[in-house]
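One structure below.
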Amino acid sequence: MDRFVIALTRTCGSGATPIGKMLADDLGIDFYDRNLLKLASEDSGINESLFAQADETVKNSLLYRVSKKVYNGELIPPESDDFTSNQNLFNYQAKVLKELAERESYICIGRAADYILKDFPNVFKIFIYASFESCVKTEMNRLHLERREAEKHIINTDKYRKEYYKYHTGQEWRNPQNYDLCLNTSNISYEQSVQFIKDYLKLRNISI
């Protein structure tokens, strides 16, 4: 099987995580989400809890919302005061993603993997989305929320993902030109979505 990476970017409630996990199982490859934090921690020597905390603190950072620090591949050295900065934590996650792409096929969800790996061969950038109504129903069922709570959760989560992507890549999160494939899951099942992506890989001459 050719080595490849599927970088999934998604809207909240679109089903990308279960789709990604099902696809990884079908293809016999690894699926990376928050487990990437453990690998970045092992690589850097920085406590894994700091990576998790960074995910939360940047959501409430005004600086994060109004500025950007486009990823350029540089790592901040351990002797620097900024070694454990949010930016360097992102840099180490990026380093791990690149090293993984050198030796195995895998699926990664979020983490701006599509941008980080843009210069690698056989990286398929897929944006998964659904209608707002579909996402609300999904999150109501998944998290056992009332409708108003689910709507607020989706709006806040997608706002954070938009800002995270813009900060680290300088690009617009929902711009279809950033992706090879945009998949609307509003009216198709997770199983159909998996098959759709597998068919797309075959069209791109990937042996699976």
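Each reported figure results from applying straightforward, stated rules to the coordinates on display, with no laboratory input. The shown structure was predicted, so the numbers you read here are calculated from the model rather than taken from an experiment. Virtual Cβ from ideal backbone geometry, glycine too; neighbours counted across all protein chains shown.
Note on ASN47 and GLN195: the model spin-label points, each 7 Å out from Cα along the C-beta direction, lie 4.9 nm apart. If you take the Cα centroid of segment 194-208 and the Cα centroid of segment 3-47, the two points sit 18 Å apart. Between GLU74 and GLU172, the contour length at 0.36 nm per residue exceeds the alpha carbon distance by 33.1 nm.
Taking a ≥ b ≥ c as the square roots of the eigenvalues of the alpha-carbon gyration tensor, segment 118-208 is classed oblate because a/c is 1.5 or more while a/b is no larger than b/c.
Assuming charge only on the beta carbon of Lys and Arg (+1) and of Asp and Glu (-1), the dipole of segment 110-208 about its Cα centre is about 120 debye to the nearest 20. Pairs from the table (LYS98/LYS118; LYS125/LYS162; LYS21/LYS159; LYS98/LYS125) lying more than 20 angstrom apart at Cα are LYS21/LYS159. Applying 1/(1 + (r/R0)^6) with R0 = 22 Å to the Cβ-Cβ distance of LYS98 and ASP180 gives a FRET efficiency near 0.70. Taking 7 Å steps out from each Cα toward its Cβ at GLU149 and ILE188 produces label points 3.3 nm apart.
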